[in-house]
Amino acid sequence: MIHLSALLLDAIAFLAVLAPAAIGGLATEYAGSLNIALEGLMLAGAFSYMAFGAAFGTVAGFIAAMLVPSAIAYVSDLFSRKANADSFVVGLGVNMLVPAAASMLSKYVFGSKGVAAVAGLQSGRPFAGAASIPVVGALFGQRSSDYLAFGVAIMVALVLARTPLGTRAKAAGMNRDALTMAGIDSGGVRGAVYALSGLACGISGAALASSVGAWVPNMSAGRGWIALVAVYLGGKRLGGTFAASALFALLLSLATRAQAITEAPAELLLSLPYFLTAVVVVLGSSRSKRK
């Protein structure tokens, strides 16, 4: 039987990666334009953490991991608005461009296009001594980067729920003309929430990279797409999005732990969360059509 504490330990670590990105996607959904580039932005955050962390230290790595994807998201949205381009297509372009750019820069920064480990960039577990407490210890056994990721997720959620930017983002999504009539630049509001979305995705990528202390090409491995689905599965609400992210995190943890107790192929087990993601998309689409 899978040990419950170990299962929760992994699930919380997966949630630290999924939740900030999902809430970041929700931020742009509020403004009426879902950021489809969560996967690419997460990967940009992971690479930025490793590249800047290797050169200037861990703190600089985390700062870069948030600022670089934030800038990419803002510029991509600005291009969509100014060039009157489809934001969905632009987002897909970001998802394709980032892995290619990271591969090129990896050769320059790390001297290799493959896996590059950097000493000192693997995040530690500051409360590891309390991790042995049954069940509850899973909350204390996480890495420092996981706690930072949860902190950023809470910050973004508070911005959406408690600040004028969050209110204006919702207004922009419901009726952009009304926002303009009130003397508020709807484009500026949308650009701000895109930047916020990029920042949240960046810390997700940093949490992922710092958990292994290495740059691994395409290490996001579809987690950005799962975060995207969590927005819809959660009914485009903060609480629902977080709950959906927790569900997917638990499934990823189950798939990882199940490899030790079954003879089923590892590829099959690891594909189960992504298969469920596809099922959710199909069911959601079918329900929308019926309505």
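Before we move on, is Ile63 surrounded by fewer than 23 Cβ atoms within 10 Å (Cβ to Cβ), at pLDDT 95 or above and under 19 Å from the mean Cα position of the chain (by Cα)?
yes
Tell me, yes or no, whether the range 3-11 has at least one residue that is crowded, with 24+ Cβ neighbours inside 10 Å, closer than 23 Å to Arg125 by Cα and in contact (Cβ under 8 Å) with a residue 60 or more places away in the chain.
no
Can you work out which of the residues in the range 87-101 that are free of Cβ contacts under 8 Å to residues at least 60 places away in the same chain and farther than 18 Å from Tyr74 by Cβ is surrounded by the fewest Cβ atoms within 10 Å (Cβ to Cβ)?
Looking at the filtered set, the residue picked out is Ala100.
I need a count of the residues in the range 225-236 that are surrounded by fewer than 16 Cβ atoms within 10 Å (Cβ to Cβ) and in contact (Cβ under 8 Å) with a residue 40 or more places away in the chain.
Count: 1.
Quick check on the range 212-224: of everything there that is surrounded by fewer than 20 Cβ atoms within 10 Å (Cβ to Cβ) and in contact (Cβ under 8 Å) with a residue 12 or more places away in the chain, which residue is nearest to Leu38 (Cα to Cα)?
The extreme case among them is Gly222.
Could you say whether any residue in the range 148-165 is among the basic types (Lys, Arg), in contact with a helix residue (DSSP H, G or I) (Cβ under 9 Å, 6 or more places away or on another chain) and over 21 Å from Ala64 (Cα atoms)?
No, that holds for no residue.
Pick from Gly24, Gly32: which is crowded, with 17+ Cβ neighbours inside 10 Å and assigned to a loop (DSSP other than H, G, I, E, B)?
Result of the check over Gly24, Gly32: Gly32.
The values are calculated or read from the model by the stated rules, or taken from the named source; none is laboratory data. Because the structure is predicted, anything quoted here is derived from the model rather than measured. Don't worry about glycine lacking a Cβ; one is built from the backbone with ideal geometry, like all the others, and counts go over all protein chains shown.
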